[in-house]
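Asks: Here you go, one structure.
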Amino acid sequence: MALFAQRPNPAAITRQYLIHATTCIITSNVPLAQYIFEQYILKQINFVGMSMSQPAHIEAFFDPTTWTISYVVYDQVGGSAAILDPVLDYDPKSGRTGHDNAQKVLDFVHAHSLTVTWILETHAHADHLSAAAWLKQQVGGKVAIGAKIGTVQQVFKTLFNLEADFATDGSQFDHLFEDDETFAIGTLSARAIAVPGHTPADLAYQVGDAVFIGDTLFMPDVGSARCDFPGGNAATLYQSVRKLLNLPAQTRLFLCHDYPPENRKPQWQTTVAAQRAANIHLHDGVDEATFVAMRTQRDKTLGMPMLILPAIQVNIRAGVLPPADTNGIRYLRIPMDAL
Ligand SMILES: [Fe+2]
């Protein structure tokens, strides 16, 4: 972050600015430091106040093919909504895409007369293709992801040897969220929380009293997300999870996936308290070294997700399919002996 001499816009002040405020004290610019601290604290108080006063309405959509849960979160019927992690159907045998999953989301949006203002991705998924671009065409909304997506794009541009003009600055998305950036979904207050580890660009989204935690934790009896994709890091995931588990105990946590054992049905909602008490990988008392050793060992036993190669190629384009070849057909690439 560049240093500045003048008071920044209060809306732009995030946790990063506290470092700058500290520098201001050292350089004797106490009034500017005081201003930054005050604005930051006011923002936190406002966010907590609004979060407590208005619970978010949440509808979940489970895709049994990819074990993914997409969500619509909205302030009220007839109000504003965000769609999270929507799934584009894809048949790897035929290469055919479909919209059955996304159509269910669309039907819900229409039935509740919602205006979609955001389509939020927690990360560039490796297990399903994103329906963000298709849904944007149908109902609008800004497609957003974490600001570090460029790191992921760079890695996979190289792996897939994508077209030279494929941008690796995240510009395919309408908005890139920084850590701790706040935004609104109608009358709901929302906040992006950087939770890297599974990938470098993972975000969680806090909306009212709910947090959509992407691929960080799964249900307590399943554990945590893998950390062996390019740029993944188990120690980083540990720190991200501790950040989530420092939220109030009754905070509702909504998962991106469930891979249930045979004796139970898929679930996607839990709480901070339940995770701290019983998550098999990251309950309270598990230290970082123990988690990293377990996660690293376990990741060595996991095969690649079925759809990683098609999914990544579409998802780093914000859900837009690759450009058509000279014959008008779109192609996905399969790098051989590279992953
Ligand atoms: Fe993932």
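Since every read-out is calculated from the coordinates, none of them should be taken as a lab result. All figures in this text were calculated on a predicted structure; none of them were measured in a lab. Because the Cβ atoms are built from the backbone with ideal geometry, glycine has one as well, and the counts that use them run over all protein chains shown.
Asks: Taking only Cα atoms of the range 195-254, what ratio of Rg to Rh do you get with Rh as the Kirkwood inverse-distance radius?
Replies: Values: Rg = 11.1 Å, Rh = 11.6 Å.
On the Cα set of the range 195-254, Rg over Rh gives 0.96.
Asks: Compute the separation of the alpha-carbon centres of the range 100-124 and the range 202-273 and state it in Å as a whole number.
Replies: Cα centres, the range 100-124 to the range 202-273: 22 Å.
Asks: Please compute the length gained on full extension between residue 304 and residue 280, using 0.36 nm multiplied by the number of residues separating them and subtracting their Cα-Cα distance.
Replies: Contour length minus Cα-Cα distance gives 6.4 nm.
Asks: Nearest 5 percent is fine: what portion of the DSSP beta bridges confined to the range 57-315 is antiparallel?
Replies: Working: 33 of 47 bridges.
Among the beta bridges of the range 57-315, antiparallel pairing accounts for roughly 70 percent.
Asks: Seen from all sides and averaged, what is the projected area of the convex hull of the Cα atoms in the range 126-174, in nm²? Intermediate results must be reported in sequence, preceding the final value.
Replies: On the way: hull surface 15.9 nm².
One quarter of the hull surface, i.e. the mean projection, equals 4.0 nm².
Asks: If each residue of separation counts as 0.36 nm, what is the full-extension length gain between residue 259 and residue 330 once their alpha-carbon separation is subtracted? Present the calculation step by step, with values, prior to reporting the outcome.
Replies: Numbers: separation 71, 0.36 × 71 = 25.56 nm, distance 3.17 nm.
In short, 22.4 nm is gained.
Asks: Restricting the calculation to Cα positions, tell me the Rg (one decimal) and the Dmax (whole number) of the chain in Å.
Replies: My reading of the Cα-based Rg and Dmax gives 20.4, 66 Å.
Asks: Report, in listed order, any pair from 148/300; 148/243; 136/157; 157/265 with a Cα-Cα distance greater than 28 Å. Don't skip to the end; give the middle numbers.
Replies: Working: 148/300 26 Å; 148/243 18 Å; 136/157 24 Å; 157/265 38 Å.
Cα-Cα > 28 Å for 157/265; rest within.
Asks: Shifting gears a bit: May I ask for the angle, rounded to the nearest 10°, between helix 288-299 and the longest principal axis of the chain, with both axes built from Cα atoms and the value confined to 0 to 90°?
Replies: The angle comes out near 10 degrees.
Asks: Same structure, new question: Working from Cα positions, state the angle (0 to 90°, nearest 10) between the long axis of helix 100-111 and the longest principal axis of the chain.
Replies: Helix 100-111 and the main axis of the chain meet at about 50 degrees.
Asks: Okay, which of the range 304-339 sit inside 14 Å, backbone N to the point 7 Å along the Cα-Cβ direction of residue 165?
Replies: 323-324
Asks: Okay, moving on. So for each of 311-321, 250-260, 212-222 I average, over its residues, the number of other beta carbons within 10 Å; can you give me the resulting order with the highest mean first?
Replies: Working: 311-321: 22.5, 250-260: 19.5, 212-222: 24.3.
Per-residue Cβ counts within 10 Å, averaged per peptide and sorted highest first, yield 212-222, 311-321, 250-260.
Asks: Oh, and also: Quick one: compute a quarter of the convex hull surface over the Cα atoms of the range 142-233 and quote it in nm². Working shown, then result.
Replies: On the way: hull surface 27.6 nm².
Average projection, Cα convex hull of the range 142-233: 6.9 nm².
Asks: For the range 190-229, take the convex hull of the Cα atoms, compute a quarter of its surface area, and give me that in nm², please. Walk me through the numbers before you get to the answer.
Replies: Values: hull surface 11.7 nm².
Across all orientations, the range 190-229 yields a mean hull projection of 2.9 nm².
Asks: With +1 on each Lys and Arg Cβ and -1 on each Asp and Glu Cβ, how big is the dipole of the chain about its Cα centre, in debye rounded to the nearest 20? Please report the intermediate quantities before stating the final value.
Replies: Numbers: 24 positive and 32 negative charges, 49 e Å.
In total the dipole reaches around 240 debye.
Asks: Just to confirm the filter: which trypsin sites (Lys or Arg not before Pro) across the range 74-152 are DSSP coil and have at most 16 other Cβ within 10 angstrom of their Cβ? All intermediate terms of the calculation are to be shown ahead of the outcome.
Replies: On the way: sites: 93, 96, 104, 136, 142, 148; in loops: 93, 148.
Of the trypsin sites (Lys or Arg not before Pro), the ones in loops of the range 74-152 whose Cβ has at most 16 other Cβ atoms within 10 Å are 93.
Asks: If I stretch the segment between residue 30 and residue 110 completely, what's the gain in nm (0.36 nm per residue apart, minus their alpha carbon distance), one decimal? Walk me through the numbers before you get to the answer.
Replies: Details: separation 80, 0.36 × 80 = 28.80 nm, distance 5.19 nm.
Roughly 23.6 nm would be gained on extension.
Asks: In addition: For the range 258-330, what does the equivalent ellipsoid look like in terms of its semi-axes, each the square root of 5 times an eigenvalue of the Cα gyration tensor, given largest first in whole Å?
Replies: On the way: eigenvalues 269, 57, 34 Å².
Ellipsoid half-lengths, sorted descending, are 37, 17, 13 Å.
Asks: Note the angle between two axes, namely the Cα long axis of helix 16-26 and the longest principal axis of the Cα atoms of the chain, as a number of degrees from 0 to 90, rounded to the nearest 10.
Replies: 30
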